[in-house]
Amino acid sequence: MWQPNILGIKSLRGNALVTAYMVCCGIAFTMFGYDQAVVGALSNNPSLLHHMGVIKTDPLIVGCIVAIFSVGAIFGSAVTMLIGYRTGRRWLIFIGCLFLVIGAALQATSFSLAQMIAGRLIAGFGVGFVSCTIPLLASEIAKPNRRGILIAALFTLAVVSAMAKCSNDEFIWRFPAAFQGFFGTFTAVWFPNRYQLAFQRCAKSQTQATIFLLPESPRWLYARGYVEAANNVLARVYDQTEHSELIQATYAALKAEVDDEEKREEKGFRLFTQCIKAMFWDTTDLKLGRRLRLCFLVMMLQEMSGLNVIVPYTNNLFEIDLKFDALKSIMIAAIIQVAWAAFTTCGMLTIERWGRRPTLMIGTTICTLGMTGFTISIAIGSESAGWAGMVMLIVFFFGFAFGMLPMSWLYPSEILPLHMRHVGLGVAGITTWLFTFLTVFTGPISFTATGYKIFILYIIFNALVFPYAYFLMVETKDKTLEEVNLAFSPVAAASILGPQVMARTHDEKDQMSGQVVEKEW
């Protein structure tokens, strides 16, 4: 089978190959933040509301247009849970990008409320695939001390894209809506039929897209029995030969884990039902219930931090409740957004240096202090208090950006065993989009009804993250995904610890001989 070396991608190895993964997947992931920014601006656009048949800004209809995206993402995340193990990481991303493109086209050409809602629902369905799968793929191809950095980089892209704005002109609202499709098109663009680059079972497929120029996740290939292809990909990612001790030791550790999971856990739809049952009553040797509950809790705590109310409605908070004029409110909102985008880079610098638990505990302490100060400013309600409120919001975003933001997607991608990893990300995706829908849709209503008191609820949820991190989390810093699995499951560890220790021994042996090893990457 001929495999053309388009742009030299076939020859990429090591960090260059990981960078190619991040560019291809990261562009699709920017849809995560871009949609919130564009639709938040469009929700008050007179031209859009006119075409939707809304003469006045009806909060219920506008809220439906904005929030229906999250409903689609919930369904997309659920489907990912059901088909993720058999489908593979690249196919999930490809399918998600196709739905993104279709949804963007429907939104950009909308002349009715029904078409706009359908477009947002379809685009959200695609984002459900993308948001659950890209962090998973990144964690499976990353070196142990680089997983956190890669996930933090993804969210830096998402936050930067959330700074997009648009004007009141009809063309200018249609163009940003259509431009959403670019992110999916880049990742899912098709090539001529002769470019056949898929592994084994996809070798006869007629599908050639950007994502398929890159190899499948080596850990998914191992789980599905494609050992030769998996060794090839792992050698390229780690920049080793296929017969090196590191690759062979890693294969031995993965094979032991796969064999153990084959004996212990269900497959197919029965696996899915077993995982759902385990969340409420866990009888599995692999402690699936505990891991899935951790995925659920970290996502719920993130979405209930108050971020989903503050980001879309910053202008209103400062203009109406803190007595700023319109120009100052816009200026303050811009300052906060720029600061938030800059702060996201802090996560890349600290998450692997400090570890998961310390990073999250420090970050959430800062978030709690910032939210408390902002709530007091809202309660006072004067312009002078508003300037203090701006400072406290910046403090909140600082803590959120380097603590909770990357951790909420990183941790679920690390703590599930190989066969169930897609289920863990599916639970995380459903949770984040469900609570996004609830907070975005009900946020303005609850704030109107209670005033500053609603922010007391957000203070409580921010404070709850500290005990979550201290009492419930298992530290995963510098551990391979297989070692993380052992930390959660002592019963399984007894049967697979030998190959795992052998893999670590080979790593240390390579280090002593001066070779570049996985532990040091």
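Could you give the Stokes-Einstein D for region 72-166 in µm² per second, using the C-alpha Kirkwood radius, 4 °C, 1.567 mPa s? After rounding, the answer is 90 µm²/s. Once the C-beta distance of residue 114 and residue 175 is scaled by a Förster radius of 25 Å, the resulting FRET efficiency is 0.70 to the nearest 0.05. Rounded to whole numbers, the Karplus 3J(HN,Hα) couplings from phi for region 327-341 are 5, 5, 4, 5, 4, 5, 4, 5, 4, 5, 5, 5, 4, 4, 4 Hz, using 6.51 cos²θ - 1.76 cosθ + 1.60 with θ = phi - 60°, and x at Gly and Pro. Which FRET efficiency, nearest 0.05, do residue 387 and residue 16 yield, Cβ-Cβ r, R0 60 Å? E(calc), rounded to 0.05, equals 0.80. Spacing of the modelled spin labels on residue 334 and residue 263, each 7 Å from Cα toward Cβ, amounts to 6.4 nm. Seen from a random direction on average, the alpha-carbon convex hull of region 283-488 projects onto 11.3 square nanometres.
Could you pull out the pairs from 143/287; 143/277; 287/453; 143/255 whose alpha carbons sit more than 27 Å apart here? In this structure, 143/277; 287/453 lie more than 27 Å apart at Cα. Taking 0.36 nm per residue of separation and subtracting the current Cα-Cα distance, fully stretching the chain between residue 456 and residue 342 would add 38.3 nm. Extending 7 Å from Cα along the Cβ direction at residue 255 and again at residue 297 yields two label points whose distance is 3.8 nm.
FYI, it's all coordinate maths here, none of it is from the lab. If you're wondering where the values come from, they're calculated on a predicted model, not measured in any experiment. Using ideal geometry, Cβ is built from the backbone for each residue, glycine included, and neighbour counts are taken over all protein chains shown.
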